[in-house]
Amino acid sequence: MIRLPSYEQVRSDPVLYAHANRVLHLETNPGNARALVQAHGEGTTARDVWINPPPIPLTTAEMDHVFDLPYARSPHPRYADENGSHDGATKIPAWEMIRFSVNIMRGCFGGCTFCSITEHEGRIIQSRSEESILKEVEAIRDSVSGFTSTISDLGGPTANMYRLGCKSPEIESACRKPSCVYPGICPNLGTNHDPLIKIYRRARALKGIKKILIGSGLRYDLAVQSPEYVKELVQHHVGG
Ligand code: SF4
C-alpha cells in the first residue's frame, strides 16, 4: 500500500494536495493499483482511511445485465404534480437532459486532471453490446412520454471511446500512464471507430427514430483517426 500525506497536511499545503492527487491518478489501474492509506485526525481520535484499489471493469455481458434491469424511465412519482406529470411546475431540469439519452459505455482514458470520471468509472472502457443499446433506444421510443423521435445522445463520459482500449491486456494491466491520449495517442491504443459507426447507423434506421444526436463530449484527436466517423458525424449527427 501507499501512504498519502495526512488529511491535515493536504488541507494546509497545496503542494502536498497536488502530490496526493497525482498518486491517486497513478493508482487507478485495477491491474496494478495499490491500496492507499491516509491518516485523519490526531491523538485519541486518529484514524487511517483505507482506499481499496479500483474494481475489475465489468464485461459487456455484465454491463448489459445492469442496463437491462427494469428501470422506470421516469422520476420518482413523489416529485410529480397532481396529474402524475413532470412537465409543469414539477419539471426536473436534470431529468430533461437525460430523458431521451442513452449511456453506451463507462470510463474514460483521457486522464484530464480537472475531471473526476477516472475516480467514478475508471479509465478502462466498459462497453454495452450493440443489441442492448438498440433495445434501450426502442424502450425510450415506446415508453417515455413526450418522445419526439429524436434521441438526444448516444454517449458516455467521452462519446467516441466506445470499445476503444489498449491492444494488449498484458501491457494494459502493467501500465501506469494516467492517459492513453496525452501527450500523444499511445501506439498501443486501438482507435477503431467502426463499431460506433455501426450503432449510429442501426439506431437511425430503427422504426420511429428520426434523428440521433451526440450530446456527450467528443475527443477530436481520436475522431480524426477515423475519417469515416467524422464524415458520419458531419452528415447525420450534431457533435457535442
Ligand atoms: S499502454 Fe498505452 S494504450 Fe495501453 S493502457 Fe497504457 S497508455 Fe493506454
**Asked** Per residue, what volume in Å³ does the Cα convex hull of the stretch 2-51 take up?
**Response** 57
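If you take every DSSP beta bridge whose two residues both sit in the chain, what share of them, in percent to the nearest 5, is antiparallel? Mind dumping the intermediate values first?
On the way: 9 of 16 bridges.
Counting only bridges with both partners in the chain, antiparallel ones make up about 55 percent.
Efficiency by 1/(1 + (r/R0)^6): what FRET value for Ile171 and Glu82, r their Cβ-Cβ distance, R0 = 45 Å, to the nearest 0.05? Numbers along the way, then the final one.
On the way: r = 59 Å, r/R0 = 1.31.
E between Ile171 and Glu82, to the nearest 0.05, is 0.15.
Can you figure out the FRET efficiency of Asn21 with Val66, using R₀ = 22 Å and their beta-carbon distance, to the nearest 0.05?
Numbers: r = 29 Å, r/R0 = 1.33.
Given R0 = 22 Å and the Cβ-Cβ separation, E is 0.15.
At a threshold of 8 angstrom on Cα-Cα distance, excluding pairs fewer than six apart, so keeping six or more, what relative contact order does the chain reach in percent? Before the final figure, lay out the partial values.
Values: 368 pairs, mean separation 42.4, N = 240.
The normalised contact order for the chain reaches 18 percent.
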**Item:** Helical contribution to [θ] at 222 nm, DSSP H n ≥ 4, -39,500 (n - 2.57), averaged over the chain, rounded to 500
**Value:** -9500 deg cm²/dmol
**Between the stretch 52-74 and the stretch 1-42, the Cα center-to-center distance that results, in Å** = 28
**Request:** Pop out the ³J(HN,Hα) list for the stretch 197-208 in order, Karplus 6.51 cos²θ - 1.76 cosθ + 1.60 with θ = phi - 60°, rounded to Hz; leave Gly and Pro as x.
**Result:** 4, 4, 5, 4, 5, 5, 5, 5, 7, 5, 4, x
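What fraction of the Cα pairs in the chain, stated in percent, has a spacing above 24 angstrom? Could the numbers behind the result be given before it?
Working: 15891 of 28680 pairs.
I get 55 percent for the Cα pairs in the chain exceeding 24 Å.
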**Message:** Given R₀ = 22 Å, what would the calculated FRET efficiency be for Lys211 paired with Ala94, taking r from the Cβ atoms and rounding to 0.05?
**Reply:** 0.50
**Request:** Could you check the simple spin-label distance between Ala39 and Val234, using points 7 Å along Cα→Cβ, in nm with one decimal?
**Result:** 5.9
**Request:** Could I have the simple spin-label model distance between Ile56 and Phe114, label points 7 Å from Cα toward Cβ, reported in nm to one decimal?
**Result:** 3.7
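Only the coordinates and a few stated rules stand behind these numbers; no lab work does. It should be emphasised that the depicted structure is a prediction, and the values quoted were computed from it without experimental measurement. Reconstructed Cβ throughout: ideal geometry from the backbone, glycine too, with neighbour counts over all protein chains shown.
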